């Protein structure tokens, strides 16, 4: 037998786009029949059906009940969208419209009483202590006299104010009721409220006295006047404390610089879809490609992805239509909108530049002073002259340098008919740029070319031949920094995954890892940072990040073309001669995607040293570096 318990449908939130509501499914309050349901004794299996007036033949969605508490059981429910015409869509639309119009005023749960789960009360009512909840229903007339529903149009107040409409789409009708949490008042507003209340009470006291000019006040008016007088005195005492608090808050307040503070009480809500990082960047680039660089057409084309990456269309639209940061309907999301940042957040961890912590970031084309030599100091005897010393300084400047590449894709791939195509484009761009930047950053053979590229941080740096003892090699690199008075704190090692794995395999005689915290992906050990990159090869590079100057524009520029003719070569001939072969993108039905990133770096002094021909072997029983000893045979 299925029983029903009606309770307050206190809807706490409503998501118009997904038709999701949440609220309270049941409470321990007695209904009109005197029956109560103990929330702590209720069991259920999520999700459970969301029914229309307890009709098991008329489901309208699914509900998820939360952990029961003494106050009751809350729930989340979703009413789906049905596009196919028929009775199901009509029933669901009727339920949703009834919620919006405020015609549904209660919620009810259907439950089954378990063995021994019912007690009869003295008033004739029943208390159900052990139950199984089978369904949740939206109902019109609840048995619980307190079962009411806050009008759904008033729930998402911030959303409605921003969009200029209510959930029913009628911007002219005001909600019937609105139970919401008011924003916290400032100290000045609280003081003003108390002053208004005080003035109203004094006005009432004056009215009472004016009505009795020839005689004393009757008992009822005298009691009212005395109560008002006491209230005014209490308000006066409270105002003294409130004004004191206001002064203290004013004295400790932080000044907001004009232009840096957000508009007061205008919430900025950011919603991001659960798509792989970099997807928005790839889609924005491909939208430009499909529409041949026309931003207006690209914005329209990108609307197909509004369900998962609406920021793509907004990003492409930003160059066309004006707006303000307070216009929450479209301009608000454009504040700090940067599609490239999505790609860079994914790219940077894949590169050495993203893994090495503490690089000294500087702007392009700005001189950065560095000290190249210290002064001369010594002991001075009595009445002897003190040595005159001087410091030596130099100025370092990072000019603008850029890394660029062109990816040629077929027209079919650009249109992204398959989600895997997005992953292919994203993976290709990340792997290509990451591999190039890693190699340029640490390859000793990369020398500086004026106006083209910086030298690697290892170009011209001191070297040493690696041994078979990793600990001795690491200590030797550390001693290089100590000898040159370079801080050891923060020193980072860059090595191949194979060498990092060799460190992770090494163990002490007791079987404990000799380098705990170091894995095939790098890690930390004794305050040192280990970063892995296949670009390192057999070299192991030690560097002090604070002495590596690093400039990065912070963005990736994307350009596209269908009409260009390209040298399909990773090392194009420059200048081209008569033997150069060009491929027409237009003729082959392809598109070219060009990515550019402005980045530069420079080593200061002797802040880098690296080992060559490093191939640390697995442990072979060397004392202090051996694997765990074999256990003794069992005694018989």
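The values are calculated or read from the model by the stated rules, or taken from the named source; none is laboratory data. Computed from a predicted model, the values in this text were never measured in an experiment. Note that each Cβ is placed from the backbone with ideal geometry, even for glycine, and that neighbours are counted across all protein chains shown.
Being under 30 Å from residue 106 (Cβ atoms), surrounded by 12 or more Cβ atoms within 10 Å (Cβ to Cβ), out of contact with any helix residue (DSSP H, G or I) (no Cβ under 8 Å at 6 or more places or on another chain) and at pLDDT below 80 is the requirement here; does residue 165 meet it? Spelling it out, residue 165 is indeed under 30 Å from residue 106 (Cβ atoms), surrounded by 12 or more Cβ atoms within 10 Å (Cβ to Cβ), out of contact with any helix residue (DSSP H, G or I) (no Cβ under 8 Å at 6 or more places or on another chain) and at pLDDT below 80. Inside region 189-245, residues that are within 55 Å of the chain's Cα centre (by Cα) and either surrounded by 15 or more Cβ atoms within 10 Å (Cβ to Cβ) or in contact (Cβ under 8 Å) with a residue 24 or more places away in the chain (or both) make up a count of 20.
For the criterion of being modelled with pLDDT under 90 and in a strand (DSSP E or B), residue 510 fails.
The residue list 578, 564, 560 contains one member that is within 31 Å of the chain's Cα centre (by Cα) and at pLDDT below 85, which is 560. Listed conditions (1) outside any loop (DSSP other than H, G, I, E, B); (2) modelled with pLDDT of 85 or more are all met by residue 606, apart from (1). For the structure I just gave you, tell me whether residue 530 is touching a strand residue (DSSP E or B) at 6+ places or on another chain (Cβ under 7 Å), under 30 Å from residue 410 (Cβ atoms) and at pLDDT 80 or above. So residue 530 does not fit the description; no. Filter region 455-490 for residues that are touching a strand residue (DSSP E or B) at 6+ places or on another chain (Cβ under 6 Å) and in a loop (DSSP other than H, G, I, E, B); which is surrounded by the most Cβ atoms within 10 Å (Cβ to Cβ)? Checking each candidate, the answer is 457.
For residue 515, the requirement of being assigned to a loop (DSSP other than H, G, I, E, B), crowded, with 18+ Cβ neighbours inside 10 Å and at pLDDT 80 or above is met.
Exactly one residue out of 362, 368, 356, 380 is surrounded by fewer than 17 Cβ atoms within 10 Å (Cβ to Cβ) and either at pLDDT 70 or above or over 37 Å from the mean Cα position of the chain (by Cα) (or both): that is 380.
Flag: residue 277 matches the condition of being within 30 Å of residue 312 (Cα to Cα), surrounded by 11 or more Cβ atoms within 10 Å (Cβ to Cβ) and at pLDDT below 80. For region 84-140, the set of residues classified as surrounded by fewer than 18 Cβ atoms within 10 Å (Cβ to Cβ) and part of a helix (DSSP H, G or I) consists of 87, 88, 89, 90, 91, 93, 94, 97, 98, 101, listed by residue number.
Condition check ((1) at pLDDT below 85; (2) over 20 Å from residue 127 (Cβ atoms); (3) within 35 Å of the chain's Cα centre (by Cα)) across all residues:
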{"site": "25", "(1), (2), (3)": "yes, no, yes"}
{"site": "29", "(1), (2), (3)": "yes, no, no"}
{"site": "36", "(1), (2), (3)": "yes, no, no"}
{"site": "45", "(1), (2), (3)": "no, yes, yes"}
{"site": "52", "(1), (2), (3)": "no, yes, no"}
{"site": "68", "(1), (2), (3)": "no, no, yes"}
{"site": "71", "(1), (2), (3)": "yes, no, yes"}
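Tell me which residues, restricted to region 52-83, are surrounded by fewer than 19 Cβ atoms within 10 Å (Cβ to Cβ) and outside any strand (DSSP E or B). Of everything in region 52-83, those that are surrounded by fewer than 19 Cβ atoms within 10 Å (Cβ to Cβ) and outside any strand (DSSP E or B) turn out to be 53, 54, 66, 67, 70, 71, 80, 81, 82, 83.
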